[in-house]
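Engineer: Attaching a single structure in structure tokens format; questions to follow.
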Amino acid sequence: MKLYTHPMPTENNERYDIAFAGECLEGHDPMAVRKAIGALFKADEATVERLFSGTRQRIKRDCDKSTALKYQKSLAAAGAKAIVTRASVSDPMVSAPAVAAPITTDTGQTETGELELLPDGSDVLRPDERSKHEEVALDLSHLTLAETGDRLSEKATGVGPVINAPDFDVAEPGAQIGEDNEFVPPPPPDTSALNLAPVGENLSDIASAEALTASVNIDHLDIAEAGSDLLKADERKISTAEAPDTSHLTLTPSENEPKT
């Protein structure tokens, strides 16, 4: 039979917790597993619903390896998937113990385990598992209880600005609040000088306005010869750069140049 569980340590002194989250082994009918679990734990319908609610329920806590394997095999025989974890590992997803399953030992005797189902709200923690809180004595001698309606803060001494607001009246529904800017349409255009031509009338003989021609006098201009200097003396750009002195330079003929 194939068992589904977390890897278990090999130390002999290791302690384990056994939990169940309502998961069935592959190939088992869920309704048949519910009945088998109910018979295994001798639990009522409410307890069975709690075991199959989807939340991990601790079945056995702080047991040795041999006992953990017995619980594991019993759940697997019923078609249920057991969850075995080390007892020293804190798992916040595991709720308080739900039931203690009767386990058949190798000698055929049945042991019911050390746990039992407690009513809701029961304290399931050991004394060493409870959080210890040290009580602190607070000195409240300097505090007094004020009367109902007393002001607990100092009253502001500054005087705020005085705002003069005009008197307003509530207008009737639909009343005009702002100025009545009545829209005045523009006067119609004067069309007395126009008449309507008959249908099909040729309108191409209407004379167009004469285009204005600019009169330019060019009698004082003539065409200069090609290459003529068109600029006056005062219009020419005068360069102030001086030519470099090359009097100390000579031209040496190349070796390949024929001598004369």
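Engineer: For the stretch 27-36, which residues satisfy the criterion of being of a type in the set (A, V, I, L, M) and surrounded by fewer than 12 Cβ atoms within 10 Å (Cβ to Cβ)?
Structural biologist: Step one: list which residues in the stretch 27-36 are of a type in the set (A, V, I, L, M), which gives 31-33, 36.
Residue satisfying the conditions is M31 alone.
Engineer: Residues that are modelled with pLDDT of 85 or more and over 25 Å from A36 (Cα atoms): find the strands (runs of 3 or more DSSP E) completely inside the stretch 48-149 holding 1 or more of those.
Structural biologist: Fully inside the stretch 48-149 and qualifying: 80-86.
Engineer: Now for a different question. Quick one: in the stretch 37-78, which of the residues that are hydrophobic (A, V, I, L, M, F, W, C) and open to solvent by 50 Å² or more (accessible area, probe 1.4 Å) is farthest from I18 (Cα to Cα)?
Structural biologist: Within the stretch 37-78, the subset hydrophobic (A, V, I, L, M, F, W, C) is 37, 39-41, 43, 46, 48, 51-52, 59, 63, 68-69, 75-78.
Subsequent filtering for residues that are open to solvent by 50 Å² or more (accessible area, probe 1.4 Å) retains 39, 46, 69, 77.
On the way: A39: 18, A46: 20, L69: 9, A77: 15 Å.
So the residue we want is A46.
The values are calculated or read from the model by the stated rules, or taken from the named source; none is laboratory data. None of the values given here were measured: they were computed from a predicted structure. Every residue, glycine as well, gets a Cβ built from its backbone with ideal geometry; the counts of neighbours run over all protein chains shown. Accessible surface areas use protein heavy atoms only, side chains included; no ligands, DNA or RNA. Shrake-Rupley method; radii C 1.70, N 1.55, O 1.52, S 1.80 Å.
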